[in-house]
1. How charged is the neighbourhood of residue 66? Take every other residue with its Cβ under 12 Å from the Cβ of residue 66, and add Lys/Arg as +1 and Asp/Glu as -1.
2. If I model a spin label at residue 161 and residue 50 as a point 7 Å from the Cα along the Cα→Cβ vector, what separation in nanometres do I get?
3. Solvent-accessible area per residue for the stretch 88-212 at a 1.4 Å probe radius, Å²?
4. If you roll a 1.4 Å probe over the stretch 1-149 with all protein chains in place, what percent of the accessible area is carbon or sulfur?
5. Quick check: pseudo-label points 7 Å beyond the Cα along Cα→Cβ at residue 38 and residue 114, how many nm apart are they?
6. Beyond 23 Å, what share of the Cα-Cα pairs of the stretch 60-143 remains, rounded to the nearest whole percent?
7. Could you tell me which label, among (i) 36, 23, 13; (ii) 33, 25, 18; (iii) 25, 24, 20, carries the value of semi-axes √(5λ) of the Cα gyration tensor in Å calculated for this structure?
8. Can you work out the base-10 log of I(q)/I(0) for the stretch 110-151 at q = 0.18, 0.28, 0.33 1/Å, using the Debye formula on its C-alpha atoms alone?
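The values are calculated or read from the model by the stated rules, or taken from the named source; none is laboratory data. Everything numeric in this text was worked out from a predicted model, so none of it was measured. Positions of Cβ are generated from backbone atoms using ideal geometry, with glycine treated the same way; all protein chains shown enter the neighbour counts. Protein only, heavy atoms only, side chains kept; ligands, DNA and RNA dropped before computing areas. Shrake-Rupley method; radii C 1.70, N 1.55, O 1.52, S 1.80 Å.
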Amino acid sequence: NVIRWDSPNWGGFAFTGGYSTNADVAEADLNSGERKGNAVTVNPSYRARNFLVEYSAYRSKPDAPVAATQDKRADTINTWFSQAGLKVGVAYNKAELKNSIDKVVTAERTAWTIPVSYTTGPNELHFHYTKAGENKKAATTSGTDAKMMAFAYVYNVSKRTALSVTYATITNGERASYAFHTDDGGAQSSTNAAPLAGEDPRLIAFVIRHAL
């Protein structure tokens, strides 16, 4: 249920747009009389030989809203520059949740990240520092922020095979419970792996990648 369009490259300028009839789990049949949800995203960008700047906007609202469902909004702008194996970027995001029924904003947060990488021969070094600000709409905003640092080393054995090691850590505020993408405490990780408020998860990974 997604319609997507990727534009041609117009001298470095490009555009991606997407529309979904329903990006959430709730479903309203055509004759139900309930609100019909949707999701929209737009992504204009400009890319040169060693430079990129782009903007991404996302808006969604679920079908058949109830008191617990949220309309979502996110805006992100990012850029990177590369020279002689060194690549440095920066990204800024603002995200918002709004109650689908009374339209009250229930969560609002900004975040930014600085990724850096360096490649020389078969060796790659990667690092990023990310900071999530406090939830401005929380009952108590203090302690709802978090920061993350990650380091990785990659050795490309060949064009198809690579070895890597990664270390990452998240430092949560006393009321924050940010987790790694695969650390949901369920299907993608061990039971009870999802952090509680104030807990600081850490990750160590050793990876062998081989492309067929």
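1. Numbers: positive: 35; negative: 24, 34, 63, 102.
Residues close to residue 66 contribute a combined charge of -3.
2. Using points 7 Å along Cα→Cβ, the separation is 3.3 nm.
3. I get 62 Å² per residue for the stretch 88-212.
4. The value for the stretch 1-149 is 61 percent carbon and sulfur by accessible area.
5. Between residue 38 and residue 114, the label points sit 4.1 nm apart.
6. More than 23 Å apart: 45 percent of the Cα pairs in the stretch 60-143.
7. (ii)
8. These q points yield log10 I(q)/I(0) values of -0.59, -0.90, -1.04.
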